[in-house]
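The values are calculated or read from the model by the stated rules, or taken from the named source; none is laboratory data. Just so it is clear, the model here is predicted, and its values are computed rather than measured. Cβ coordinates were reconstructed from backbone atoms using ideal geometry, including for glycine residues, and neighbour counts include every protein chain displayed. The area values use the complete protein model at the heavy-atom level, side chains included, leaving out ligands, DNA and RNA. Shrake-Rupley method; radii C 1.70, N 1.55, O 1.52, S 1.80 Å.
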Amino acid sequence: MATTDLRPDKPGASGTGGGLDLRRVLLDNGALSALVVLVVAMSLLSGDFLTTQNLLNVGVQAAVTAILAFGVTFVIVAAGIDLSVGSVAALSATVLAWSATKEGVPVWIALILAVATGLACGVVNGLLVSYGKLPPFIATLAMLSIGRGLSLVISQGSPIAFPESVSKVGDTLGGWLPVPVLVMVAMGLITAVILARTYLGRSMYAIGGNEEAARLSGLRVKRQKIAIYALSGLFAAVAGIVLASRLVSAQPQAAQGYELDAIAAVVIGGASLAGGVGKASGTLIGALILAVLRNGLNLLSVSAFWQQVVIGVVIALAVLLDSLRRRTSATAGTAAGSTSSGAGRKGPQALKYTLAAVLAAAVIAAVSLWNNGSSGTSTKVGLSLSTLNNPFFVQMKEGAQAEAEKAGVDLTVTDAQNDASQQANQLQNFASGNMKAVIVNPVDSDAVGPAARAANKAGIPVVAADRGVNKADVATLVASDNVAGGRQAAKALAGELGGKGTVVVLQGTAGTSASRERGQGFAEGIKAFPGIKVVAKQPADFDRTKGLDVMTNLLQSHSGVDGVFAENDEMALGAVKALGGKAGKSVSVVGFDGTPDGLSAVADGTLYASVAQQPKELGRIAVRNAVAAADDEKVPSLVKVPVKVVTAKNVRDFQ
């Protein structure tokens, strides 16, 4: 098969000779058809969608995914896969911030180091695939772990402030045109030129179409693959810089899961996972489809859980379309000798229209399902939670929803999934959705600042819940003191141990403010007891299963441990499971949050204590203050929700 046959921009053989009209463009681009249908559907369902500001928001929110996806396009066209781009993006941004702010390296050199980091990661991927003979999935999966680990090592798990001069990449030109959108367009044009006008681009299509045939025709396939993966790493570095610029900080846990969005954007845009097919314009459209879905579903107040369902359906349909398209193309190719190319295109065209119709139906069905329970009130309040994969924040949501129902408020709850960038997008969408007030439970206090300032500029009061917001105006902060809670936990554990013994600490997700503050408080509190030695500190990501695994591993080298402090109840309960009969007898365990399961364990005696924060009450108070701020009523700048150590002696008062 000739290389030119694999080019996505090759015109059909049966054209009429006239210019391309809109109908023809839509016929030839199923992804574009789907995007048009989605935009029309969202415009009809939400009056806030088709505004200049919101459309710019969509562009900004698509930028990082699109830039990553452009790099992944090269790899997928060459029949490969790259799972490391999200981690490489975070590592590159961390290298830039660390070298410029911690080591005093000139910013322009730090930028070169960041780009070189992305290139180096891509070259390593290429070497592992080409000369190491590793499957691309395995090679890039390894780099995913390596990149994320190095990012955490360099940053020590904490966000690093981004250089002010580079942070301008996340700003706007003339006060309205977002720079990330301009970077996205520029990277898209570079991708298009490489694919369509360069020897390397033609090589990608040849390798993806038939690698063995490409090798026999004289292509140096191994060297080409190294260059292809290097390009993917380079684009990931640019995406990381754009992302960190938006957040004004390099987050070691940034861009988690973005590699999946990037791959989805490429496939939705018409590329084949089998290789040989793909183009820059399709990838851009795929990224815009994902951004439009998330933006529109936020504006329509669709449940955070249903949003994940809809996005998953879209990705599954895209992969299904890819499979059907390849089978249809093979059938059309067999019949090419006896039918015109126009007739052969009917199958793929029908599939494209089917995809667009199903996508629209999925969105409308999800919206209709959720809106059946909508209050229909004019007072709209948005609540962005750092995660809903934690009982503490689930209880906060329940308390907020109960207060909203009582006050007749239309409350929209979103789940940032511990992703500071996603939370920034959600706050932008709240501002576009004419919210009267916004409540934010920050993933990171610094990273949420720019989005909170945008809400300030729009005249929308911001209420911070559980964690503060830095470098922005907030109407009030409703929170318990995590540092003070950590000190109380240290005092309680030391008292139970009689001031002597060895202790291990199970830390939360690296880089989160809750983990830093609780750990800081415990470290400060335990210093008052020189007879107690902390023999190990290990992260378990606020997760019960990881708490079980990490504690099991620690017991192999610290079998005589006397106490455990876990930075939340979920990890504490995992530690209790690992300790078995020792829990509550020879080993005392202290948790944090006062969740129902944690309090039950305290009552049973397996958990010695938990620092209770009353998350439901926190959610109620946050909504109450948000409504008051929306009505221009005076609210206190700080509302403290009482924190108390719960033991078997007083657990009944909290249950």
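For the chain, what is the calculated [θ] at 222 nm in deg cm²/dmol (nearest 500), taking -39500 (n - 2.57) for each run of four or more DSSP H residues and dividing by its residue count?
Numbers: 26 runs with 388 residues, N = 655.
Helices in the chain give a 222 nm mean residue ellipticity of -19500 deg cm²/dmol.
Evaluating 6.51 cos²θ - 1.76 cosθ + 1.60 at θ = phi - 60° for every residue in region 34-46, the Karplus couplings come out as 4, 5, 4, 4, 5, 4, 4, 4, 5, 5, 6, 7, 9 Hz, glycine and proline recorded as x. Using the Cβ-Cβ distance between Lys406 and Ser600 with R0 set to 30 Å, the FRET efficiency from 1/(1 + (r/R0)^6) comes to roughly 0.60. Trp306 sits with roughly 100 Å² accessible to a 1.4 Å probe, with DNA, RNA and ligands left out of the calculation. Entry comment: accessible area of region 532-625 is 38 Å² per residue, from protein heavy atoms only and a probe of 1.4 Å.
Near the amide H of Leu83, within less than 5 Å, lie the amide hydrogens of Thr140, Leu141, all on another chain or at least 5 residues away, with H placed in the peptide plane. For the chain, the fraction of C-alpha pairs more than 50 angstrom apart is 16%.
With the other protein chains left in place, how much accessible area per residue, in square angstrom, belongs to region 477-521 at a 1.4 angstrom probe?
31
Given a cut-off of under 8 Å on Cα pairs at least six residues apart, what relative contact order in percent is computed for the chain? Rounded, it is 14 percent for the chain. Taking amide H positions as modeled 1.01 Å from N, with prolines and chain starts lacking one, the residues under 5 Å from Gly275 and 5 or more places away or on another chain are Ala79. Annotation: amide H-H contacts under 5 Å for Thr414 (H modelled 1.01 Å from N, sequence separation of 5 or more, or interchain): Leu383, Ser384, Leu385. Starting from the Cα gyration tensor of region 39-114, take the square roots of the eigenvalues, sort them a ≥ b ≥ c, and report rounded, prolate or oblate (rounded when a/c is under 1.5, otherwise prolate if a/b is larger than b/c, else oblate). It is oblate, given that a/c is not under 1.5 and a/b is not larger than b/c. Peptides 417-430, 207-220 ordered by packing proxy, namely the average of other Cβ atoms within 10 Å per residue, highest first: 417-430, 207-220. Note on the chain: with neighbouring protein chains present and a 1.4 Å probe, carbon and sulfur make up 58 percent of its accessible heavy-atom surface.
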